[in-house]
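What follows is a short report on a single structure.
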């Protein structure tokens, strides 16, 4: 029994050292190598911080690209999904309301053309990106509202397109909605 106790105690102390000291220092060191040095990446416009690269913002004006809906109204202090299943009547009503609103503001598209991400909230409720497809279905509304050629807005989307991290991790063909809207404002 003494043998087991001694080895168990030694293993516990080694694991405490690894998980309480070595691992946090290692993660912090890696974070310093990332953009923003582990403190996040600010997005600036005209010398002022207007948002953060990894936190979505709410855009509802027709002159801007809309991002993915948020179950927490983009409150970064309370990141969460809706936790309602696909058969929940309240959830289905929320999604239908989002579809109706999207079609009302984009009358040239049908419900079948709307990507699911534009009417369903992400797991965190803070997703700052949309797919290129989701951006493209909004181009006509924005062009008409701003009086800009469709081609210029399509070109802007192409310029802001991001691929997967290191070419392998994450979704392909996405755009950051805040960055896209900042560049859109520069067109006018």
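The values are calculated or read from the model by the stated rules, or taken from the named source; none is laboratory data. None of the values given here were measured: they were computed from a predicted structure. Backbone-built Cβ (ideal geometry, glycine too); neighbour counts: all protein chains shown.
Look at residue 144 and say whether it is more than 21 Å from residue 162 (Cα to Cα) and loosely packed, with under 13 Cβ neighbours inside 10 Å.
no
Is it true that some residue in segment 44-51 is closer than 24 Å to residue 142 by Cβ, out of contact with any strand residue (DSSP E or B) (no Cβ under 9 Å at 6 or more places or on another chain) and loosely packed, with under 15 Cβ neighbours inside 10 Å?
Checking segment 44-51: at least one residue is closer than 24 Å to residue 142 by Cβ, out of contact with any strand residue (DSSP E or B) (no Cβ under 9 Å at 6 or more places or on another chain) and loosely packed, with under 15 Cβ neighbours inside 10 Å.
I'd like to check something: does segment 23-35 contain any residue that is part of a helix (DSSP H, G or I), touching a strand residue (DSSP E or B) at 6+ places or on another chain (Cβ under 7 Å) and surrounded by 11 or more Cβ atoms within 10 Å (Cβ to Cβ)?
no
Looking at (1) surrounded by 12 or more Cβ atoms within 10 Å (Cβ to Cβ); (2) in contact with a strand residue (DSSP E or B) (Cβ under 7 Å, 6 or more places away or on another chain), find the lone condition where residue 54 falls short.
(2)
When the residues of segment 122-141 are filtered to those that are touching a strand residue (DSSP E or B) at 6+ places or on another chain (Cβ under 7 Å) and not in a loop (DSSP other than H, G, I, E, B), which remaining residue is nearest to residue 161 (Cα to Cα)?
Result: 132.
I need every pair where a residue in segment 165-183 that is in the same structural domain as residue 129 (by TED's automatic domain parsing) and more than 18 Å from residue 152 (Cα to Cα) has its Cβ under 6 Å from the Cβ of a residue that is in a helix (DSSP H, G or I) and modelled with pLDDT of 90 or more, sequence separation at least 6 or different chains.
From segment 165-183, the pairs are 173/132.
Filter segment 70-121 for residues that are in contact with a helix residue (DSSP H, G or I) (Cβ under 6 Å, 6 or more places away or on another chain), surrounded by 13 or more Cβ atoms within 10 Å (Cβ to Cβ) and in a loop (DSSP other than H, G, I, E, B) and give the result.
Selection gives 72, 84, 106, 114, 115, 119.
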